[in-house]
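Before any comments, here is the structure.
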Amino acid sequence: MIRTALLALLLSSTVLAPAGAQPAKPSAPAPSTAPSEGALPPYEADMLRLSEILGALHYIRPLCGAAEGTRWRDEMQALLEAEAPSDIRRGQIIAAFNRGYESYAQVYRTCTASADLASQRYLETGAKLSRDIAARYGSN
């Protein structure tokens with residue numbers, strides 16, 4: 001199961017919620033039984049989407065002048081280390097990151113208004129996904 005520390009790391013490194021934002025409502029706790037060997041965690045689709053977003057941010061943020069170096073790749077590495085997925089699942093998560101990166105590398109060669117807007121939206125979406133995963137599936 002995904003570790004709360006991982007999600008705290010991702011939350012602290014993305015975007016803070018705007019002032020006056022409502023805290024997430026608690027949801028039903030995740031089942032306490034461990035998934036069977038080879039079974040995907042219930043948050044897998046969100047994890048793949050988050051990985052794709054990190055890949056897109058890794059390309060587009062520096063393109064638009066953010067002096068973050070390898071921040072988003074490093075976040076992806078931290079995600080993989082905390083999640084410790086099987087080899088097959090690791091490959092799928094990495095493929096999602098690469099897909100996010102390549103999708104923007106094929107379209108944008110310079111920062112445009114739409115690239116900057118996409119960057120901001122990905123920051124917001126990534127932060128929301130991180131919060132949602134932590135709220136629903138985080139363990140103490």
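The values are calculated or read from the model by the stated rules, or taken from the named source; none is laboratory data. Everything numeric in this text was worked out from a predicted model, so none of it was measured. Heads up, the Cβs are rebuilt from the backbone with ideal geometry, glycines too, and the neighbour counts pull from every protein chain shown.
Considering the range 110-140, the residues that are in contact (Cβ under 8 Å) with a residue 60 or more places away in the chain and not in a helix (DSSP H, G or I) include one that is surrounded by the most Cβ atoms within 10 Å (Cβ to Cβ), namely Gly138.
Criterion applied to Arg99, Arg90 was being touching a residue at least 40 places away in the same chain (Cβ under 8 Å) and charged (D, E, K, R), and the one residue passing it is Arg99. Scanning the range 69-97 for residues that are surrounded by 14 or more Cβ atoms within 10 Å (Cβ to Cβ) and more than 20 Å from Leu40 (Cα to Cα) yields a count of 5.
One residue alone among Ala39, Ala95, Ala84 is farther than 15 Å from Asp132 by Cα and at pLDDT 95 or above, and that residue is Ala95.
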